[in-house]
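A.B. asks: Pasting a structure below so you can have a look.
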Amino acid sequence: MDARLLSAAGSHVGRVRASNQDSGYAGTHLFMVADGMGGHAGGDVASSLATQAVTAVADELFDSPETAQHELVNAIIAGSSELSEAVREHPELAGMGTTVSAMVRHGNKMVIAHIGDSRIYLLRDGVLDQITTDHTFVQRLVETGRITADEALVHPRRNVLMRVLGDFENAPIIDSTILDTQPGDRWLLCSDGLCGYVPENTIARIMLEHPDAGEATTALIQAALDRGAPDNVTVVIVGVTETAISAVPKPILVGSASLPLTFSTEPRRTTQRISTRFFQPRSVPVEATETFEADENYLDKVIAEDRKRAIRRRILWAVWVSVPIALLGVLAAYAYQWTQEQFYIGADEDTVVIYQGVQQGIGSIPLSTVHTDTGIRLDSLPDYVRVSVIHTINVADLNEARSVVERIANVAVND
Ligand code: CA
């Protein structure tokens, strides 16, 4: 048997945060991460309670992937009720919340359940794919075509969550799906402390360099630390083989869920009903403002800001389009002026005329006008002169035109 670890879990407080509000779990067929939020003890409590609720089904043997899916989603919703219950008993925790990204392996199926912006990835044949969709404000902007995926990466509000497991939401909407899995697949569950700071190609490279799940977990966390690790970092790696999914000797619990659950007794402002991370302008450092009050006009502000961005984009677009058009316009004006310094001789119905401009037109628009009608009748001209006039005669300028007209007049037969 392969001595390498197939599955592993690790969590690190990071280089900036005072406490680890992430939790992670790797069992025999259940795996999850939870990223808690809410000041004081709130985030720790939220992710611990959610982890407890979900891991309550860790030892269950489900008779089908569909049953597993049903039970997993129910367990997450039960976690939400636990949060509400905890807030009733400890009002100072109001506004806490947590992400949950969890999966259960059932044979060759992987059952996924997810809410928030933690992520589940699948590494298959060397390619890392994000399986879950972030429930973030920027993801919604991307989906509605208001910004591009590249813009989302640097958007000032990329950390704002639209959906999360919290005490303020009675019926959280959990994304859930059942996917195929096969021997050789490696699944990664992580908090945004990893995927928000370490690029996906780096994550993939590290996983490929470390077939051992324990070593890969350590290396991924180190990669986040190397980038300053401003947030808690949690990593769970799951390897899939023919038989057992996990070589962990016993289930691993990491992060705040691995510590005894303690509730803060510090008084909290009860006006702050919603997690600061959930509804806070990004310009205010999240961790620096325990007393920040959630701004109820926040979404209005965000929408107004978005509108401004759209207007800026439209102005830029207008400049990009109008500058070449203006240049073309200037060129066209010069070209037209040049044509108006040209003359030629031709026929206008039944007389010889001097035209100003050029014979060619733009489509049906002529680029010449009658300058002088000489009054010389075409039928007074010898055939060869008449044909020349009808086919037009080029001249260098108005003077030459006049002298040519004089010669034509000389050959005209006046009756
Ligand atoms: Ca986080």
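The values are calculated or read from the model by the stated rules, or taken from the named source; none is laboratory data. Given the structure is predicted, the values throughout are model-derived calculations rather than measurements. Methodologically, a virtual Cβ is constructed for each residue, glycine included, from the backbone with ideal geometry; neighbour enumeration extends over all protein chains shown. Protein only, heavy atoms only, side chains kept; ligands, DNA and RNA dropped before computing areas. Shrake-Rupley method; radii C 1.70, N 1.55, O 1.52, S 1.80 Å.
A.B. asks: Relative contact order, percent, of the range 64-182 when contacts are C-alpha pairs under 8 Å separated by at least 6 residues? Present the calculation step by step, with values, prior to reporting the outcome.
C.D. replies: On the way: 195 pairs, mean separation 40.5, N = 119.
The value is 34 percent.
A.B. asks: Let me ask something additional. If eta is 1.567 mPa s and T is 4 °C, what Stokes-Einstein diffusion coefficient results for the chain, Kirkwood Rh from Cα pairs, in µm²/s?
C.D. replies: Estimated diffusion coefficient is 49 µm²/s.
A.B. asks: Taking 0.36 nm per residue of sequence separation and subtracting the Cα-Cα distance, how much length would be gained by fully extending the chain between Glu60 and Trp320, in nm to one decimal?
C.D. replies: Gain on stretching Glu60 to Trp320: 87.5 nm.
A.B. asks: Using helices alone, what [θ] at 222 nm do you get for the chain, with -39,500 (n - 2.57) per DSSP H run of 4 or more residues, divided over all residues and rounded to the nearest 500?
C.D. replies: My calculation for the chain gives -11500 deg cm²/dmol from helical runs alone.
A.B. asks: Under a plain spin-label model, where a point goes 7 Å from the Cα along Cα-to-Cβ, how far apart in nm are Ser403 and Thr243?
C.D. replies: 10.9 nm
A.B. asks: When the accessible area of the chain is computed with all protein chains present and a 1.4 Å probe, what percentage of it is carbon and sulfur?
C.D. replies: For the chain, the apolar C and S fraction of the accessible surface comes to 55 percent.
A.B. asks: Hull surface divided by four, with the convex hull built on the Cα atoms of the range 343-411: how many nm²?
C.D. replies: Quarter of the Cα hull surface area: 4.3 nm².
A.B. asks: Give the distance, in whole Å, between the Cα centre of the range 202-220 and the Cα centre of the range 95-144.
C.D. replies: After rounding, the separation between the Cα centres reads 19 Å.
A.B. asks: OK, next. Tell me the angle of helix 398-411 to the major Cα principal axis of the chain, expressed in degrees between 0 and 90 and rounded to the nearest ten.
C.D. replies: Approximately 40 degrees, to the nearest ten.
A.B. asks: Can you list the lysines whose alpha carbon sits under 26 Å from that of Lys109, skipping same-chain ones fewer than 8 residues off?
C.D. replies: In chain and number order, the partners are Lys250.
A.B. asks: Using unit Cβ charges (K, R positive; D, E negative) and no other charged atoms, how large, in debye to the nearest 20, is the dipole of the chain about its Cα centre?
C.D. replies: Computed charge dipole of the chain: roughly 740 debye.
A.B. asks: Below 13 angstrom from the Cβ of Thr392, what's the summed charge of the other residues (Lys, Arg +1; Asp, Glu -1)?
C.D. replies: Combined, the nearby Lys, Arg, Asp and Glu give 0.
A.B. asks: While we're on this one: Let a ≥ b ≥ c be the square roots of the eigenvalues of the Cα gyration tensor of the range 54-127; is it rounded (a/c under 1.5), or, if not, prolate (a/b larger than b/c) or oblate?
C.D. replies: oblate
A.B. asks: Net charge near Asp373, counting Lys/Arg +1 and Asp/Glu -1 over other residues with Cβ under 10 Å of its Cβ?
C.D. replies: Details: positive: none; negative: Asp348, Glu349.
For residues surrounding Asp373, the net value is -2.
A.B. asks: Between Thr374 and residues 5 or more places away or on another chain, which pairs have amide H atoms under 5 Å apart, with H built 1.01 Å from N, and which residues are they?
C.D. replies: Val352, Val353, Ile354
A.B. asks: For a distance above 21 Å, tell me the whole-number percent of Cα pairs in the range 48-184 that qualify.
C.D. replies: Of all Cα-Cα pairs in the range 48-184, 49 percent lie more than 21 Å apart.
A.B. asks: Pairs of Cα atoms under 8 Å, at least six residues apart: use those to get the relative contact order of the range 331-385, whole percent.
C.D. replies: Normalised by residue count, the contact order of the range 331-385 is 30 percent.
A.B. asks: Given a 1.4 angstrom probe, what's the average accessible area per residue across the chain, in square angstrom?
C.D. replies: The answer is 50 Å² per residue.
A.B. asks: When only C-alpha pairs under 8 Å and at least 6 residues apart count, what is the relative contact order of the chain, in percent? Write down the numbers at each step before the final one.
C.D. replies: Working: 855 pairs, mean separation 82.9, N = 415.
Once normalised by length, the contact order is 20 percent.
A.B. asks: Next question. For the range 185-213, list residues with backbone N below 17 Å from a point placed 7 Å from the Cα of Ala149 toward its Cβ?
C.D. replies: 195-205
A.B. asks: Please give every one of the aspartates and glutamates within straight-line cross-link reach of Lys308, meaning a C-alpha to C-alpha distance under 13 Å, and leave out same-chain neighbours fewer than 8 residues apart.
C.D. replies: Hits, sequence-local ones excluded: Asp300.
A.B. asks: Tally Lys and Arg at +1 and Asp and Glu at -1 over the other residues with C-beta under 14 Å from the C-beta of Arg312: what net charge comes out?
C.D. replies: Residues near Arg312 contribute +3 overall.
A.B. asks: What list of ³J(HN,Hα) couplings, whole Hz, do you get for the range 323-337 from phi and the Karplus terms 6.51, -1.76, 1.60, once you set θ to phi - 60° and write x for glycine and proline?
C.D. replies: Coupling constants for the range 323-337: 4, x, 5, 5, 4, 4, x, 4, 4, 5, 5, 4, 4, 5, 4 Hz.
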